Amino acid sequence: MADHTLEHQVRFRESDYRAVKRTLPGSFGFVPAPDGSKWVPRPANAGEYLHRLHLQNLIFGDEIQLEGGMVVTGGPFILGQPTGGFAFVISQPWLEAADNKQQYPSEAAVDEFLRGMGFERLLNAFYGWRSTDQSLVILDAKPDNFIATPDGILPIDLLLAEVFSSN
């Protein structure tokens, strides 16, 4: 089974029941960034991508592993992008939904989950949340970036960043 997103090519690895993801060359997703009085996603660099994965493991107890990196020499995967570039290969446990007809939790369930993790809604942000200690920001925390498993709600791919005070 293979799937393609704007950021990854995803395959199921049966030997250890993990999703293996290769970033598209030069595409490292997005991270939250302040823009005046609001938070917006901006393209991440390679280091920010890896830090985002680390935060996901640390905060949500995920088991994302860096499998390696590779130089890709083929054509562009995204129209208008240059050919080739560097890509990461990561893996994480393959998650099964509790109900295949309703894989994603409701928005209310996501709200309850994040509040229980010590986050509060962040105004002027796309599905944004900020930790109550003000040290973390999450964007894109919409229901389809979570999966409702038999063990509860788990995030799949959130935009995370640490917030550093200028004081």
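Coordinate-derived values only; no laboratory data. In this text the structure is predicted, and so the values were computed from the model without any measurement. Glycine also receives a Cβ, built like all others from the backbone with ideal geometry; neighbour counts cover every protein chain displayed.
Okay, here's what the table says:
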read-out: Answer label for Rg and Dmax of the Cα atoms in Å (calculated), chosen among (1) 16.4, 49; (2) 18.1, 63; (3) 15.1, 41; value: (1)
read-out: Taking Thr73, Thr23 and counting other C-beta atoms within 10 Å, the order from fewest to most; value: Thr73, Thr23
read-out: Förster-model FRET efficiency, 25 Å R0, Val163 and Gln65, C-beta, rounded to 0.05; value: 0.45
read-out: Selection from Phe12, Ala148, Asn45 lying farthest towards where the dipole of the range 2-162 points positive, charges on Cβ; value: Asn45
read-out: For Ile153, net neighbour charge (Lys/Arg +1, Asp/Glu -1) across residues whose Cβ lies under 11 Å away; value: -3
read-out: Residue order, fewest to most beta carbons within 10 Å, for Tyr17, Tyr127; value: Tyr17, Tyr127
read-out: Separation between Cα centres of the range 44-65 and the range 92-157, rounded to whole Å; value: 15 Å
read-out: Proxy reagent accessibility, fewest Cβ within 10 Å first, across His8, His51; value: His51, His8
read-out: The chain - charge dipole about Cα centre, Lys and Arg +1 at Cβ, Asp and Glu -1, debye rounded to 20; value: 420 debye
read-out: For the chain, built as a Gaussian network whose Cα springs stay under 10 Å, the top-fluctuating residue of Glu48, Glu14, Glu63; value: Glu14
